[in-house]
Each structure stands twice: as structure tokens, then as C-alpha cells.
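Asks: Sharing a structure, written as C-alpha cells. Questions coming.
Here, each number is a calculation from the coordinates, and none is a lab measurement. This is a predicted model, so every value here is computed, not measured. Cβ sites come from the backbone with ideal geometry, for glycine too, and all protein chains shown count toward neighbours.
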Amino acid sequence: MTGISYQAKRINLKEKVFKKTLTLSAITVVVILIAIFFTLLINSMPSIKALGTNFFYDKTWDPVADEYGALPFLVGTLLTSFLALLISTPFSIAVAIFLGEYYKKGIVAEIFKNVIDLLAGIPSVIYGFWGLFVLVPIVRAIEMKLGLPPYGVGIFTSSIILAIMILPFSVSLSRQVISMVPAHLKEAAYSLGATRFEVITKIIIPYTKSGLFAGLLLALGRALGETMAVTMLIGNTHEIPTGIFSPGNTMASVIANEFSEATGKIYTSALVEMGLFLFVVATIINILGKQVIKRFTLS
Amino acid sequence: MESAILKAENFNAFFGKSHILKNINFEVEKNTVWAIMGPSGCGKTTFIRCVNRMHELTPGATVEGSLKLNGEEIYEMNPVMLRRKVGMVFQRPNPFPTMSIYDNVIAGFILNGIKLSKNEKDEIVENSLKQAALWMEVRSTLHKKGTFLSGGQQQRLCIARALSMNPEILLLDEATSALDPISTAKIEELIHELKSEYTILMVTHNMQQAARVSDKTAFFYLGELVESGNTKMIFTNPKHERTQDYITGHFG
Amino acid sequence: MNMQIEKQIAHRNKKNKAFKGVIIAGTILSTLPLLLILFYIFKQGITAINWDFFTNLPKPVGETGGGVSNALVGSILILLVSCVLAIPVGIVIGIYLSEVAKSRLAYYCRLAVDVLQGIPSIVIGIIIYEWIVRPMGGFSAFSGSVALALMMLPSIIKSTEETLKLLPESLKEASLALGVPYYKTVLKIIVPTGISGITTGVILSIARVIGETAPLLFTAFGNPFMSTNILKPISSLPLIIFNYATSPYNDWHQLAWGASMLLILMILILNIITKIVQRKWKVQF
């Protein structure tokens with residue numbers, strides 16, 4: 001009898017330890033996230049206190065003169081991200097329709113699905129490298145034809161590479177929602193004599209509107225935080241870009257270029273503050289996108 | 001004194017506020033086969049899941065009253081130790097997909113870290129598979145994964161797995177509902193043979209099966225044990241109107 | 001009347017065909033960059049690959065025969081430590097989320113995982129700099145590993161949760177009914193049954209971080225010499241690609257192409273291994 005109850009006690013103990021470990025691990029993630037936020041906040045404090053909201057309006061970034069205006073980088077970030085989204089969207093919707101409606105199964109579907117997945121797997125730094133040697137000369141040629149200064153690098157070039165990089169992300173979600181449109185809706189339209197084009201544009205797209213929107217949102221989130229490829233192709237100036245062919249900088253690329261050499265509390269803190277900004281914006285977009293998806297799948 | 005292997009006294013079970021089993025009083029003698037019957041939602045599955053304390057795995061599930069296995073209060077025992085004494089076979093066959101047939105039979109020992117010599121293992125595997133009427137069909141493919149068998153064979157494997165632990169009582173939860181008629185017949189034959197060594201409680205909604213296989217029948221309705229007794233009596237001369245209605249097919 | 005309707009239908013059919021053509025063209029165009037990039041990298045990279053490439057350290061500008069041995073070793077070392085950090089933690093959290101589906105902690109945990117997944121990699125670099133590099137007083141391979149581990153966590157957690165959620169409840173019940181304690185049921189039945197999906201998730205997360213540069217910029221930092229000391233700065237393939245690509249020297253560009261090709265090959269191989277694992281370790285129910 002004692003033998004059994006001893007065993008029972010040991011099992012109870014192991015059960016408790018196991019369950020506690022699981023719970024503890026889950027708490028750890030939440031704690032890590034909270035710690036990340038507070039680390040960013042605390043380390044931004046010197047800059048927030050010293051510069052206030054002017055930080056986002058000031059267009060001069062001159063660490064030597066101790067001036068930290070992030071407006072050029074804010075503009076650069078927004079310009080490149082939205083331009084990339086603009087360029088990428090028609091293609092991502094086309095691919096989403098291709099894979100979600102025309103070629104759902106079979107060899108063609110497999111090939112293109114794998115290609116898109118591979119696109120997502122190429123590291124950012126390699127995109128940047130390729131962009132430097134292939135895209136930049138092309139853009140330079142275009143600029144020369146247009147009579148613009150032949151930088152080659154700049155907002156336009158970075159936006160193109162960004163567009164390629166974010167394509168797989170919006171495709172993956174959009175393709176899913178398009179392929180999940182209930183068959184009976186489509187069949188009702190077909191039985192009324194609609195062509196495939198009409199079913200896609202009048203039934204499928206309206207039905208998946210919010211899902212497609214969420215896909216774009218998530219792609220935007222990726223674009224905002226993308227660092228390496230952009231750093232290599234954007235020209236790295238501290239001035240506000242005057243046009244899409246001018247060089248510029250994004251918040252992420254400034255951090256990448258200057259963080260390890262930043263001296264002085266405010267300088268480093270200003271860079272961290274930009275990191276905080278990126279964190280907050282990326283998080284908001286992420287959560288918004290997931291909310292849209294949730295509402296879409298529930299309906 | 002207690003020849004009753006299982007005894008329920010004023011036993012109640014709840015899912016949160018839902019009163020599922022109401023004042024069950026029930027005795028099971030050794031080496032009998034009991035059919036537990038009733039329409040859907042009458043609590044029959046809940047009852048047997050209380051016997052091996054699987055009921056409480058659902059959050060918010062509670063019980064009240066007395067339920068004894070061989071004179072010991074089930075709800076005062078360590079549930080893990082209790083479950084080693086009670087065997088259960090489920091409606092859908094569920095052999096462990098990562099284990100061979102051989103390992104599946106002695107899974108109870110392997111998973112609980114109980115050490116056995118190769119000879120002991122071979123013996124238990126052979127005996128259990130024989131008792132489950134599966135030995136002849138798998139004796140040469142014991143190393144293959146359990147999921148490659150047919151549905152009926154998988155279920156007999158699950159029976160062998162439960163039997164290998166030498167349980168005090170064997171619970172069958174609609175164990176043949178998901179099987180074809182031939183496999184069902186094989187298992188019913190099996191139950192006949194097992195009676196001499198084991199005590200069996202089988203939940204079934206198949207009246208003909210109950211009539212064929214069981215010695216005694218308990219009829220549950222809306223959480224109450226309406227009537228229980230010899231199967232022949234229940235089916236030919238039920239005392240309660242409800243039982244009568246169920247048997248003649250007025251509901252359920 | 002009929003002529004009009006026929007004309008209209010013909011027009012609609014034309015539009016239909018044209019649309020399909022547009023979609024197909026758009027899709028093919030979208031895939032062009034991949035082919036261009038892969039082709040270019042292999043063309044440039046193949047000439048850089050030789051024995052020296054793998055075994056030598058980078059040489060000063062002008063000298064031939066430089067290699068990326070330190071970066072290769074660095075990448076592998078950083079990854080190894082990241083795996084040790086991220087895999088057990090990630091799997092355990094994945095188990096928690098699949099077992100305790102509905103609780104406040106599970107909700108916040110999932111939310112945290114989602115947010116973590118969306119954090120820009122450069123921000124992760126900042127975080128680890130503040131958490132580890134500063135207290136340690138310098139850059140180190142270890143800090144790089146922690147940064148990459150943080151990035152691996154969400155995908156390991158999610159794929160573990162997804163895999164285990166797909167397992168039927170009856171599997172757990174069969175084990176519990178045999179008197180197997182809950183913790184053993186999870187460790188010896190549930191996790192082994194889901195091992196294919198879990199492993200796939202792990203390999204994919206490795207493929208994802210192996211090419212990451214931003215989080216290493218101010219953690220692992222880079223090192224022109226061979227090092228296997230996790231407490232010191234270390235080189236890594238993506239880091240040298242970045243540094244050499246943006247340098248003005250042709251020799252270094254060559255090395256960067258070779259390193260790029262190497263990196264892409266490693267990613268491709270990891271993806272192929274995933275497909276093999278999925279097929280070979282598939283568990284039937």
C-alpha cells in the first residue's frame with residue numbers, strides 16, 4: 001500500500017512541475033514583450049524629454065551639431081513603404097487570383113506557390129546586393145534619360161525592391177481568402193450566365209475585400225520595418241527627399257547605419273526613439289490586420 | 001462481504017451547473033456484463049466516464065456522492081492509479097500512431113515506465129491479443145504500426161491494450177458503433193469469452209446488441225437510473241413505462 | 001435583338017479571356033525577379049567558390065585567395081546557440097497554447113507571440129544591445145544568438161501549436177484512460193505524434209533567421225578573424241555580404257557573391273529537408 005501511495009505522490013509532484021513549467025513559459029513570452037516595450041521607452045526618454053514632439057517635425061538631422069529632426073526619415077519611410085505597396089498591389093492581387101481561383105491545384109499551382117515562397121525566403125541583404133548591381137544601373141539609365149541626376153540609388157529603387165519583397169506576404173493571405181469563397185456563391189453567379197471574369201470581379205473580390213485589405217496591411221507592416229535592402233539602395237542622405245528619384249533615408253536604415261557609432265546620450269536615444277516608433281506602428285498595423293482577419297473569418 | 005465490484009450510492013455528476021447524473025444507486029457484481037442503455041443525453045457515457053474519472057478532465061465537471069471500486073472510494077483515490085485498474089475502450093479506435101502493434105498492446109506498461117523482461121512482454125502481448133481474438137491475424141506483423149489495421153482490428157487492438165493491464169473492470173463506450181457488422185459480431189463474441197475473467201460495462205444504443213451480449217441491463221433516462229436488472233426481464237417485462245417506451249422504440 | 005445579345009456575349013467573353021491573360025502575365029512577371037536574382041547570384045557566385053573560399057580568412061584588399069571561413073563558422077555557431085535557446089522554449093510554449101486553448105494567459109500569450117513576430121528586426125537588434133551588449137561591455141556572438149532566438153520563437157511556437165491542435169482528442173484520452181499521467185501523455189504520446197510538424201516548424205524558422213543581418217549589426221557585430229568564442233564579436237555570412245557588397249572593392253564583391261550563393265543554397269537545402277521530413281515522418285491516424 002505504501003509503495004503505491006509513494007508512487008502516487010511522485011506522480012502528483014511531476015504533474016505539478018510540468019503544469020507550472022508550461023504556465024511559466026507562457027508568462028515568459030508576455031514578460032519579454034512588455035520588457036521590450038519598456039526598454040525602448042526608457043531608452044528613448046532622454047530624447048523625448050529633450051526634443052519633444054518637434055522630433056517628428058524637425059527636418060534637420062545633424063548629430064555633429066546636436067540637432068535631431070526625424071522628419072526626413074519619417075518621410076522616407078512612408079514614401080518607400082506606400083510606393084512599394086502601390087507597385088506591389090496589382091501584382092499581388094493578380095498572383096492571389098491566379099493561385100486562389102484559376103490554378104488552385106496541380107503542377108502549375110505547386111510551381112508558382114513554391115516560387116512565391118522562395119521569394120519570401122531570400123534574405124534582405126541579398127535583395128539589396130542584387131539591387132545594387134542590377135537595379136541601380138537600370139534606374140541610373142532611366143534617370144539619365146529623364147535628365148535627372150543619375151544617382152541610381154534613391155526612393156524609387158528602394159521602393160521597387162521593397163515591392164518585390166513584400167509581394168509574398170500579401171499574396172499568402174489574399175490567396176487564402178480568395179480560395180475560401182464558398183462554392184455556392186460562385187455557382188449561383190455562374191448559373192446566371194456570368195463569365196469567370198465577372199464572377200471574380202463582382203462576387204469574389206467584393207466578398208474578400210476585408211481579407212485583401214488585411215493582406216495589404218500586413219505587407220505594409222513588413223515594408224515599414226524592412227532594413228537591409230533599403231539601407232543598401234536608398235542613398236543614405238539626411239535631407240528630405242524631393243522626389244521619388246532623390247536619395248533619402250528611412251528610420252530603419254538610419255538606425256542600421258548610425259547606431260553602433262552613435263555617441264552621446266541624446267544621439268543614441270534619438271535612434272532608439274525611432275526604433276520605438278517603428279515598434280509601435282508595426283504592432284498597431286499587425287494587430288489591426290489580425291483583427292480584420294478575425295472578423296472576416298468569423299463572418 | 002462486498003461481492004459488488006462497483007457500487008454507486010446517491011451518486012451525482014455535474015457539468016458546471018448542469019445536473020447530468022441524478023442520485024444514481026447501482027451495484028455491479030463481478031464477472032457480469034452490464035449493458036448501459038438510454039436515449040442520447042441520458043448520462044450513460046457520463047456515468048462510465050465517472051468510473052475511471054475521465055469525467056473530470058472537462059473543466060467545470062464535478063461529482064457528489066459515493067462511487068466505490070472494490071470498496072474503495074474512487075474519488076478519494078489518485079486518479080492516475082485508479083485508471084490503471086480500469087480499462088476503457090472508446091467509440092473510435094485509437095491505437096497510438098507512433099507505436100507498433102506490439103508496443104500498443106503493452107503501451108500501458110511502456111508509458112508508465114514499468115520495466116518488464118522480454119519474456120514477460122512477449123507473454124503479455126500474446127495473451128492479450130489472444131483474449132482480444134486478434135493474435136492469429138497479427139502474430140507475424142507485430143512490428144508494424146497499429147494504424148495500418150482495419151477498423152475492426154484496430155478496435156480489438158485497443159481491447160487488447162486495455163486487457164493487458166489486467167483491469168478490475170472494463171468499460172466499453174459504444175465500442176462497436178463505428179464498426180462494420182462483421183467486426184461488431186467478432187467483438188460481441190469476444191465479450192462473451194471475456195466475461196469469465198473480467199467485469200464489463202458496455203454503453204450501447206444498440207438494443208439488439210444489449211439483448212445478445214449482456215447479462216444485465218441498466219436503463220438511464222434524463223440522468224436518472226430508471227430501471228436495472230436481468231437483461232431478459234428488462235426486455236420482456238420492464239417495470240417502468242419509460243423503459244417500455246424506449247424498448248419499443250417510442251423515442252431514442 | 002439576338003444580334004445585340006450575341007455581340008454583348010462575345011464582348012464579355014473577350015473580356016474574360018483578356019482578363020485571364022492579364023492575370024497570367026502579372027503572375028509570370030511577379031516571378032521574374034526570383035529567376036533573375038537566383039540566376040545572377042549563381043552566375044556571379046559560382047566563380048568565387050573554390051577551396052580557398054571555404055578555408056581562408058578574408059584577405060586585405062588587393063590580395064587574392066580570400067575566403068569566408070570565419071563567416072561560415074560564425075553563422076553556424078550563432079545558429080547553434082540560437083537553436084539551443086529557442087527550440088526548447090518555443091516547443092514548450094507551443095504545447096501550452098495547444099493544451100490550454102482558452103485562458104486569459106493563453107490569450108495574452110498568443111497576442112504577445114503575434115506582436116513579437118511583427119517587430120522589425122533592427123528593433124530586435126536595439127533591444128539585445130541594451131539587454132546584453134551593454135551589460136556585457138561589448139559585442140558578442142552570444143548576443144547575436146539571443147537576437148536570432150527571439151526571432152525564431154514566434155514561428156516555432158506557432159507551428160508547434162498548429163501541429164498539436166490537429167491531433168485528435170481521442171489520442172490523449174486513450175493514454176489517460178490507461179492510467180498514464182498527464183505530463184507523460186504529453187511528452188510520450190502527443191509530442192512524438194506531432195514530431196513531423198514540430199520539426200518542420202523548427203527547420204523553417206532556422207531558414208528564416210540564417211540570412212538575417214539587421215539584428216546582428218550591433219550584437220555579433222562582425223570579426224575579420226576566425227573566432228569560436230561566444231563571448232567575443234563574431235563574423236557571419238549575412239554580415240560580410242553587407243559589408244563587402246557596399247565596399248568599393250571588386251575582390252570583396254566576388255566574395256560577397258560567393259557568400260550569397262552559399263547562403264541561398266543553405267536556405268534551399270533547409271527547405272528541401274522540410275519537404276522530406278514532412279513526407280517521411282508523416283503519422284497517420
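Asks: When only DSSP loop residues count, what trypsin sites (Lys or Arg not before Pro) in the range C:1-72 have their Cβ near at most 10 other Cβ atoms within 10 Å? The partial results should precede the final answer.
Replies: Numbers: sites: C:K7, C:R12, C:K14, C:K15, C:K17, C:K20, C:K43; in loops: none.
Passing both the DSSP loop test and the Cβ count: no residue.
Asks: What would the Debye equation give as log₁₀ I(q)/I(0) for the range C:54-280 at q = 0.11 Å⁻¹, counting only Cα atoms as equal point scatterers?
Replies: -0.62
Asks: Next up: Estimate the FRET efficiency between B:M77 and B:F14 by the formula 1/(1 + (r/R0)^6), using the beta-carbon distance for r and 22 Å for R0, to the nearest 0.05.
Replies: Numbers: r = 20 Å, r/R0 = 0.91.
Working from the Cβ atoms, E equals 0.65.
Asks: How long are the semi-axes of the equivalent ellipsoid of the range A:98-217, taking √(5λ) for every eigenvalue λ of the Cα gyration tensor, in whole Å from largest down?
Replies: Details: eigenvalues 275, 58, 31 Å².
Those come to 37, 17, 13 Å.
Asks: Order the peptides B:156-163, B:76-83 from the highest to the lowest mean number of other Cβ atoms within 10 Å of their residues. If you can, show how the numbers build up before the last one.
Replies: On the way: B:156-163: 27.4, B:76-83: 18.1.
Result, highest mean Cβ count within 10 Å first: B:156-163, B:76-83.
Asks: Then there's this: Return the Rg/Rh ratio of chain B with Cα-based radii and a Kirkwood Rh. Before the final figure, lay out the partial values.
Replies: Working: Rg = 18.1 Å, Rh = 18.7 Å.
My calculation puts Rg/Rh at 0.97.
Asks: Identify which of A:L173, A:L132, A:L192 has the largest mean-square fluctuation in a Gaussian network model of chain A, with springs joining Cα atoms closer than 10 Å.
Replies: Per the Cα network of chain A with a 10 Å cutoff, A:L192 tops the list.
Asks: Determine the alpha carbon to alpha carbon distance for each of A:K290/C:K275; C:K20/C:K280; B:K17/C:K165; A:K113/C:K188; B:K30/B:K239; A:K290/C:K102 and list only those over 30 Å.
Replies: Values: A:K290/C:K275 28 Å; C:K20/C:K280 38 Å; B:K17/C:K165 28 Å; A:K113/C:K188 35 Å; B:K30/B:K239 25 Å; A:K290/C:K102 18 Å.
Table pairs above 30 Å Cα-Cα are C:K20/C:K280; A:K113/C:K188.
Asks: Now for a separate question. Counting only C-alpha contacts under 8 Å and six or more residues apart, can you give the relative contact order of chain B as a whole percent? Kindly include the intermediate steps, with their values, before the conclusion.
Replies: Numbers: 475 pairs, mean separation 69.4, N = 252.
Across chain B, relative contact order equals 28 percent.
Asks: If Rh is defined by the Kirkwood formula over all Cα pairs and Rg also comes from Cα, what ratio Rg/Rh do you get for the range C:166-273? List each step's numbers first, then the result.
Replies: Numbers: Rg = 21.6 Å, Rh = 17.3 Å.
Computed over Cα atoms, the ratio is 1.25.
Asks: Continuing with this model, one more query. Where does the range B:72-158 land on Rg(C-alpha)/(2.2 N^0.38 Å)?
Replies: Details: Rg = 13.8 Å, N = 87, 2.2 N^0.38 = 12.0 Å.
The range B:72-158 yields a ratio of 1.15.
Asks: Per the helix-only calculation at 222 nm, which mean residue ellipticity applies to chain A, given -39500 (n - 2.57) for every DSSP H run of n ≥ 4 and division by its residues, nearest 500 deg cm²/dmol? Intermediate results must be reported in sequence, preceding the final value.
Replies: Details: 12 runs with 217 residues, N = 299.
The per-residue figure over chain A is -24500 deg cm²/dmol.
Asks: Cα gyration tensor of the protein assembly as shown, axes a ≥ b ≥ c as square roots of the eigenvalues: rounded (a/c below 1.5), prolate (a/b > b/c) or oblate? If you can, show how the numbers build up before the last one.
Replies: On the way: a/c = 2.40, a/b = 1.89, b/c = 1.27.
Note, shape of the protein assembly as shown comes out prolate.
Asks: While we're here: Once the convex hull of the alpha carbons of chain A is built, what does its volume come to per residue, in cubic angstrom? Provide the component values of the computation, followed by the final result.
Replies: Details: hull volume 68.9 nm³, N = 299.
It comes to 230 Å³ per residue, whole-number rounded.
Asks: Which whole number gives the average, over all residues in C:17-23, of C-beta atoms from other chains lying within 10 Å of the residue C-beta?
Replies: On the way: counts 3, 1, 7, 8, 0, 4, 11.
Average neighbour count from other chains, rounded to a whole number: 5.
Asks: What shape does the range A:2-53 take by its C-alpha gyration tensor, where a ≥ b ≥ c are the square roots of the eigenvalues and a/c under 1.5 counts as rounded, a/b above b/c as prolate, and the rest as oblate? Working shown, then result.
Replies: Numbers: a/c = 11.56, a/b = 7.05, b/c = 1.64.
Prolate shape, in that a/c is at least 1.5 and a/b is the bigger ratio.
Asks: Here's something else I'd like to know. For the peptides A:89-96, C:277-284, B:43-50, B:4-11, what is the packing order when you average, over each peptide's residues, the other Cβ atoms within 10 Å and list the highest mean first?
Replies: Values: A:89-96: 22.1, C:277-284: 11.9, B:43-50: 23.8, B:4-11: 18.6.
Peptide ranking by packing, descending: B:43-50, A:89-96, B:4-11, C:277-284.
Asks: Once phi is turned into θ = phi - 60°, what whole-Hz ³J(HN,Hα) does the Karplus curve with 6.51, -1.76 and 1.60 give for every residue of the range A:135-145, x standing for Gly and Pro?
Replies: Rounded to whole hertz, the list is 6, 4, x, 5, 5, 4, 4, 4, 4, 5, 4.
Asks: Further question: Going by average Cβ neighbours within 10 Å, how do the peptides B:62-68, B:217-223, A:58-64 rank, with the highest at the top?
Replies: B:217-223, B:62-68, A:58-64
Asks: Could you run the Karplus curve 6.51 cos²θ - 1.76 cosθ + 1.60 with θ = phi - 60° over the range B:58-67 and give me ³J(HN,Hα) per residue in whole Hz, x for Gly and Pro?
Replies: 7, x, x, 8, 9, 9, 9, x, 10, 9
Asks: Report the charge-dipole magnitude of the range C:148-251 in Debye, nearest 20, computed about the Cα centre from +1 at each Lys and Arg Cβ and -1 at each Asp and Glu Cβ.
Replies: Values: 7 positive and 6 negative charges, 51 e Å.
Dipole of the range C:148-251, to the nearest 20 debye: 240 debye.
Asks: Given +1 on the Cβ of Lys and Arg, -1 on the Cβ of Asp and Glu, and no further charges, what dipole in debye does chain C carry about its Cα centre, rounded to the nearest 20?
Replies: Details: 23 positive and 12 negative charges, 236 e Å.
My answer is approximately 1140 debye.
Asks: Projecting each Cα onto the charge dipole of the range A:142-262 (Lys/Arg +1, Asp/Glu -1 at the beta carbon, about the Cα centre), which of A:T195, A:N249, A:M228 comes out farthest on the positive side?
Replies: It is A:T195, whose Cα lies furthest towards the positive end.
Asks: Tell me whether the range B:149-217 comes out rounded, prolate or oblate; compute the Cα gyration tensor, take square roots of the eigenvalues as a ≥ b ≥ c, and use a/c under 1.5 as the rounded threshold. The partial results should precede the final answer.
Replies: Values: a/c = 1.72, a/b = 1.03, b/c = 1.68.
Here the range B:149-217 falls in the oblate category.
Asks: For chain B, what is the calculated [θ] at 222 nm in deg cm²/dmol (nearest 500), taking -39500 (n - 2.57) for each run of four or more DSSP H residues and dividing by its residue count?
Replies: Working: 11 runs with 90 residues, N = 252.
My calculation for chain B gives -9500 deg cm²/dmol from helical runs alone.
Asks: If you take every DSSP beta bridge fully contained in the range B:150-240, what fraction is antiparallel? Give it as a percent rounded to 5. Please report the intermediate quantities before stating the final value.
Replies: Working: 6 of 11 bridges.
The answer is about 55 percent antiparallel.
Asks: Lysines within cross-link reach of B:K232: Cα-Cα under 16 Å, excluding same-chain residues under 8 positions apart?
Replies: B:K216
Asks: Counting only other chains, what is the mean number of Cβ atoms within 10 angstrom of the Cβ of each residue in peptide C:122-135?
Replies: Working: counts 17, 15, 4, 6, 14, 10, 2, 6, 7, 4, 0, 1, 1, 0.
Average per residue, whole number: 6.
Asks: From the residues B:T176, B:G223, B:T98, which one has its Cα farthest along the dipole of chain B in the positive direction, the dipole being from +1 and -1 charges on Cβ of Lys/Arg and Asp/Glu about the Cα centre?
Replies: B:T98
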